[in-house]
Structure formats: structure tokens, C-alpha cells
Amino acid sequence: MSRAVAIHQPDFLPWMGYFVKVAKCDVLVVMDHVENNPRKAFLCKRVAFQLPGSVGYLGLVLEHPADGRVSIPLSEMRISKEMEKTAGKLEKTVEQAYKRAPFFDEVFPLVTDVLRSTEPLLVARNMAFVDAVLAKLDLHPQRILSSTMGATLRGGELVAELCALAKADVYVSGEGGRGYQSPESFAARGVRIAYNHFAPREYPRFQGEWAPGLSIVDALMNLGFAGTRERIAEEVRLSEEKARAVGEAVRP
């Protein structure tokens, strides 16, 4: 049996595509050693979200590095104390948007946990939500932080190196990886690339505007944990059918 690895940054309340990719893997490498600018909007601090009456963004406030650095590793990013003041407001916003959703009562606590958490580190807070959702969806990959793996390379070479360090036979890649990955780098390490042909499809919703990049919270609120689990399994099947149709590798 092959050993499939997915590599992803620790996104905030990720979209469904994140979980479809994880559903295909044995190991999830959380890429937390790479750098970003905590002042900018990026997926580790904000996500497209159904707000009351419209689609907008829900996000965390991060501290700016005290030493003046522009970019720092994700593993060093910390939640600003401003979140203590805004968490209640954000919680109320989510409640207003979803209070009539069929699965509100079982899903809302997951959102309040991440918003009201006292965990200061961004990666730990975000992954606590991801871990909770994975458990509810009965998905149990091994999880490794890239900061513990001793990687030394960058760019597409970094991803191939992480696959080798994780002892992967198959790398489950987002389609965006085509633009920068070197297939030769993976082949040299005995790793096949299996692209995640995920195309967001609308699902039954109680109300509001659907958008393709909405947080997994939207699916959970509308479909519940069991319904979302079934939807992800269906998306895995469809993405593998697309891969076979174009002659690309799927996990054996």
C-alpha cells in the first residue's frame, strides 16, 4: 500500500478543498516553518465566510513582530490581544448568519472555541479547529509539523524534500502546484504526484449566498458532520475520476 502525503499551511477555518485533500492522505504535513507577513491578509488569518446577508471575511488579528521584521515563520506568529475584545463580536456575527441553520447547535461550539481560545500561537489555534473537524469527519491522518522535519530547501524543491522526509510514495497536490513544482524533483525521490481535481459544487443550504471558497463551517452548518463526510467522500471520487480521464495518477 502506498503512503500518501498532503502538505498544507495551517489555514484558518479552511474551505472544503482542504479536507478533500486530507481525506486522500495518510500523512498531513503542516507547513509551519515558511514565512509570511502577519500584517497582510492571507489564508492562515482569514477566510471567506457567510456573514449576515452577504459573503465576506472572518479573520484573526495577529501581533506585529516586535523586532521590526516584515515576515516571520508561521510557527512564530501570535494572536493579538485585540482578539479578546473582538471575539465576542465575531461570535455574534457567526450566530446571526447561521442561527437558523439545521446543524447550528452542533457546529457553533467549534467556531466559538477557536474565536475565544486563549492559545496565543496562530498555528496551534488553527490546527485545534482542523483537528476537531477531522475527528468529527472520521479522518485520522498522521500530522507532522514541517518545523520539526529539518527541511533545508525552498519552493517546489521544498515540497519534494518534505515528501521524502515524510517517506511518501504519493504526493497529493493542489492543482495550483503545477505552476511551480518540478516533477523531476519528485521522481528523483521516488514520489508520484496525484493532483487533487477538486471543483467546488454548491450543496443544499438553508439560506444565504453560496460562494466556492467558503469555510468548511458553511458545509457543516448546512449538511452536518455526517452529510459533510458523505460530501467529501463524493468529492474524492469525482476528483479521482477526473484524474483518470486525463491520464493522471491516482493513489493505487
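Values for this structure:
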| quantity | calculated |
| --- | --- |
| Residue that is of a type in the set (Asp, Glu) and closer than 18 Å to ALA4 by Cα, where the choices are GLU161, GLU202 | GLU161 |
| Where TYR18 falls short, out of the listed (1) part of a loop (DSSP other than H, G, I, E, B); (2) under 30 Å from ASP138 (Cα atoms); (3) not basic (Lys, Arg) | (1) |
| PRO38 surrounded by fewer than 17 Cβ atoms within 10 Å (Cβ to Cβ) and in contact with a helix residue (DSSP H, G or I) (Cβ under 9 Å, 6 or more places away or on another chain) | no |
| Every pair of residues 6+ apart whose Cβ atoms lie under 9 Å, when the first sits in the range 72-93 and is on the phi > 0 side of the Ramachandran plot while the second is at pLDDT 95 or above and among the aromatic types (Phe, Trp, Tyr) | none |
| Residue under evaluation GLU175, criteria (1) without any contact (Cβ under 8 Å) to a residue 40 or more places away in the chain; (2) out of contact with any strand residue (DSSP E or B) (no Cβ under 9 Å at 6 or more places or on another chain), criterion not met | (2) |
| Hey, GLN207 part of a loop (DSSP other than H, G, I, E, B), surrounded by 14 or more Cβ atoms within 10 Å (Cβ to Cβ) and touching a residue at least 12 places away in the same chain (Cβ under 8 Å) or not | no |
| Subset tally (residues that are exposed (fewer than 14 other Cβ atoms within 10 Å of the Cβ) and not in a helix (DSSP H, G or I)) for the range 116-154 | 8 |
| Residue within the range 172-182 that is modelled with pLDDT under 95, closer than 19 Å to PRO10 by Cβ and assigned to a helix (DSSP H, G or I) present | yes |
| Every residue from the range 40-78 that is within 23 Å of GLY17 (Cα to Cα), touching a strand residue (DSSP E or B) at 6+ places or on another chain (Cβ under 9 Å) and charged (D, E, K, R) | LYS45, ARG46 |
| Residue, nearest to the chain's Cα centre (by Cα), within the range 69-119, restricted to residues that are closer than 13 Å to GLN50 by Cα and of a type in the set (S, T, N, Q) | THR93 |
| Criterion (of a type in the set (Lys, Arg) and either buried (at least 16 other Cβ atoms within 10 Å of the Cβ) or touching a helix residue (DSSP H, G or I) at 6+ places or on another chain (Cβ under 9 Å) (or both)) met by exactly one of ARG178, ARG201, ARG244 | ARG201 |
| Per-region count, the range 197-222, residues among the aliphatic types (A, V, I, L, M), modelled with pLDDT under 95 and out of contact with any Lys or Arg (no Cβ under 9 Å at 6 or more places or on another chain) | 1 |
| Residues (among the hydrophobic types (A, V, I, L, M, F, W, C) and within 30 Å of LEU165 (Cα to Cα)) located in the range 190-230 | VAL191, ILE193, ALA194, PHE198, ALA199, ILE216 |
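The values are calculated or read from the model by the stated rules, or taken from the named source; none is laboratory data. Bear in mind the structure is a predicted one, so any value in this text is a computation, not a measurement. Positions of Cβ are generated from backbone atoms using ideal geometry, with glycine treated the same way; all protein chains shown enter the neighbour counts.
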